[in-house]
1. Sort 58-65, 109-116 for me by packing, meaning the mean count of neighbouring Cβ atoms within 10 Å per residue, highest on top.
2. Dividing the convex hull volume of the alpha carbon atoms of the range 21-96 by its residue count, what do you get in Å³ per residue?
3. In whole Hz, what ³J(HN,Hα) sequence does the range 107-122 give by Karplus (6.51, -1.76, 1.60; θ = phi - 60°), x for Gly and Pro?
4. Could you run the Karplus curve 6.51 cos²θ - 1.76 cosθ + 1.60 with θ = phi - 60° over the range 10-18 and give me ³J(HN,Hα) per residue in whole Hz, x for Gly and Pro?
5. Hey, which lysines would be in cross-link range of Lys159, C-alpha to C-alpha under 21 Å, not counting anything within fewer than 8 residues on its own chain?
6. How big is the dipole moment of the chain about its Cα centre under a simple scheme where the beta carbon of each Lys and Arg is +1, that of each Asp and Glu is -1, and everything else is neutral? Debye, nearest 20, please.
7. For the range 12-134, what relative contact order do you get, as a whole percent, if you take Cα pairs closer than 8 Å and at least 6 residues apart?
8. For the chain, what is the accessible area per residue in Å², given a 1.4 Å probe and the full set of protein chains?
Amino acid sequence: MAILNILQYPNPRLRTTALPVVMVDKKVKQLLNDMFETMIDAKGIGLAATQVDVHQRVIVMDLSEDNSDPQVFINPEIEVLDEATQPYDEGCLSIPGFYETVERPCHVMISALDGEGIAFKKEAEGLLAVCIQHEIDHLEGKLFVDYLSPLKRQIIRKKMKKK
Ligand code: QAP
Ligand code: CO
């Protein structure tokens, strides 16, 4: 197990598009373990491989209070089930200290592989729906600040660069 370095905005590597995982082998399982350790250490609820500079379609998540509900999504896809959107104050381990409201579809169907490479589907609403969309965006090189006005994004970018 290892704690990995989390890329910080505006690092251009966060703009990389991740490639699908071909096989869930030992190396991918090692990555999952390291990503969970890294996310827990950083007090996060979700982490995409892009954020640790690994450009494969891998996401880890734990929405519980006590890290008792680890979830893995490999090669995730979502289908929007409802046109309705919900606002949520989002944060990101790659943009620590900044939270802004983002609107996203509130009801989606997730299709993915689990940590053993087994395909599953899961209906998502609320925080799970928000978080999976946020994390899939990372795999496409997209960040929550991309949904903000250019002015708000520029302010966050400048403050992050000062750190
Ligand atoms: C993505 O984000 C997310 O600023 C996961 O100082 C967040 O785990 C999806 C974190 C909100 C939906 C809603 C952020 C930790 C963690 C910070 C995170 C910070 C320390 C963010
Ligand atoms: Co994030």
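1. Top to bottom by mean Cβ count within 10 Å: 58-65, 109-116.
2. Per residue, the Cα convex hull of the range 21-96 comes to 124 Å³.
3. Result, rounded to whole Hz: 9, 9, 9, 9, 10, 7, 9, 8, x, 9, x, 8, 6, 8, 10, 8.
4. Once rounded to whole Hz, the list reads x, 4, x, 5, 5, 8, 6, 8, 7.
5. Lys142
6. About 1160 debye.
7. Working: 207 pairs, mean separation 25.0, N = 123.
The value is 20 percent.
8. 53 Å²
The values are calculated or read from the model by the stated rules, or taken from the named source; none is laboratory data. Everything numeric here is computed off the predicted structure, so don't read it as measured data. Here the Cβ is made from the backbone with ideal geometry for all residues, glycine too, and neighbour counts use every protein chain on show. Each accessible area value is taken on the protein alone, full model and side chains, heavy atoms only, with ligands, DNA and RNA left out. Shrake-Rupley method; radii C 1.70, N 1.55, O 1.52, S 1.80 Å.
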